[in-house]
Amino acid sequence: MKQCTHADALPHPEPEPLAATCPECLRDGTHPVQLRLCLTCGHVGCCDSSPGQHATGHHRESGHPVMRTFEPGEDWRWCFVDHILV
């Protein structure tokens, strides 16, 4: 079974969110479908169902490997590098 090789290196406590919503969507005038929080730096980005796919874009630009859902009532993490739930 494949495991994430990045979760152990994440900061504790996790970073504070840098925004309440996706700043790139606000800038572009689009609506984020769901939000994701980068667990390395606190960037808030929209999911891949959103027009801008800004959470994935943040990963590609920064190399930060793991994000978690930033949606109320949800509690899961995703590793972009290992392509698995953490």
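The values are calculated or read from the model by the stated rules, or taken from the named source; none is laboratory data. Bear in mind that the values here come from a model prediction, so they are computed numbers and not experimental data. We place every Cβ from the backbone using ideal geometry, glycine too, and count neighbours over all the protein chains shown. Side chains are part of the model used for accessible areas, which takes the heavy atoms of the whole protein and leaves out ligands, DNA and RNA. Shrake-Rupley method; radii C 1.70, N 1.55, O 1.52, S 1.80 Å.
See the values below:
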| read-out | value |
| --- | --- |
| Simple spin-label estimate for Ala19 and Lys2 in nanometres, 7 Å along Cα-Cβ | 3.0 nm |
| Most fluctuating residue given options Leu18, Leu26, Leu35, as computed from a GNM of the chain linking Cα atoms under 10 Å | Leu26 |
| Gaussian network model of the chain, Cα within-10 Å springs - most flexible of Pro13, Pro32, Pro51 | Pro13 |
| Linear extension gain, His12 paired with Gln34, 0.36 nm per residue minus alpha-carbon span | 5.5 nm |
| J(HN,Hα) series, the stretch 65-72, from Karplus relation 6.51 cos²θ - 1.76 cosθ + 1.60, nearest Hz, glycine and proline x | x, 10, 10, 10, 4, 10, 9, x |
| Between the stretch 9-33 and the stretch 36-66, the alpha-carbon center distance in angstrom | 8 Å |
| Accessible area per residue, Å², the chain with all protein chains present, probe 1.4 Å | 61 Å² |
| Chymotrypsin sites (Phe, Trp or Tyr not before Pro) within the chain, DSSP loop, no more than 14 other Cβ atoms inside 10 Å | Trp76 |
| Heavy-atom accessible surface of the chain: percent carbon and sulfur, 1.4 Å | 53 percent |
| Point-to-point label distance, His83-Arg60, nm (Cα→Cβ direction, 7 Å offset) | 1.6 nm |
